[in-house]
Amino acid sequence: MEVNKTILVKNGRVIDGTANDPLLNASILIENGYFTRITTGDLPGPPAAVVIDATGKTVLPGLIDMHAHPLSGGVATLTEAIDSFDPATQTRALKQMLYWGVTSVYNPVQPLESGLHLRAQTAANSFPSPRLFISGPGFTAPGG
């Protein structure tokens, strides 16, 4: 969906990431890509809103993975690919992470040039991806 659309999610259970109990039968109004209102019970939305019925579903904040190496996407066994930093493999891994609910990723070891390119692609929304943070190449003492 386009970011500038108005979306109304109705009838879901909302876990807000605090110690509070979940909100039951909750409504969430999203306008221009931002959550503008979350309440229990019915929330009449603007007439042009896209309405999503979340009955029986749970809505929770996006997950943040603070140490991820997008190398296999969890769909293949890690082998020599772990050191390849193949762009197609990394793209597939990031798409998979987003599917799992991860909305931000920190990749602590990445060759700088390919890492900057991958981060630019995610920032430009070139493909569905979590927000990507990188730190560049790793280093250690001789002999590790």
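Bear in mind these aren't lab numbers, they're just calculated from the coordinates by the rules spelled out. It should be emphasised that the depicted structure is a prediction, and the values quoted were computed from it without experimental measurement. With ideal geometry, Cβ positions are generated from the backbone for all residues, glycine too; neighbour counts draw on all protein chains shown.
Data table
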read-out	value
Theoretical gain in end-to-end length, H117 to T40 [0.36 nm per residue, Cα-Cα removed]	23.5 nm
Integer Hz, Karplus 6.51/-1.76/1.60 couplings in order for the stretch 126-138, x for Gly and Pro	5, 7, x, 7, x, 5, 10, 10, 10, 10, x, x, x
Total charge dipole magnitude, the chain, about the Cα centre, Cβ charges on Lys, Arg, Asp, Glu only, Debye to nearest 20	260 debye
Highest-MSF residue in the chain out of L63, L71, L29 [GNM, Cα springs under 10 Å]	L29
D (Stokes-Einstein, µm²/s), Kirkwood Cα radius, the stretch 15-144, 0.692 mPa s at 37 °C	190 µm²/s
3J(HN,Hα) from dihedral phi, the stretch 56-69, Karplus parametrisation 6.51/-1.76/1.60, rounded to Hz, x for glycine, proline	x, 10, 10, 10, 9, x, x, 7, 10, 9, 8, 7, 9, 10
Candidates T55, T103, T89, ranked by Gaussian network fluctuation over the chain, Cα under 10 Å, top entry	T55
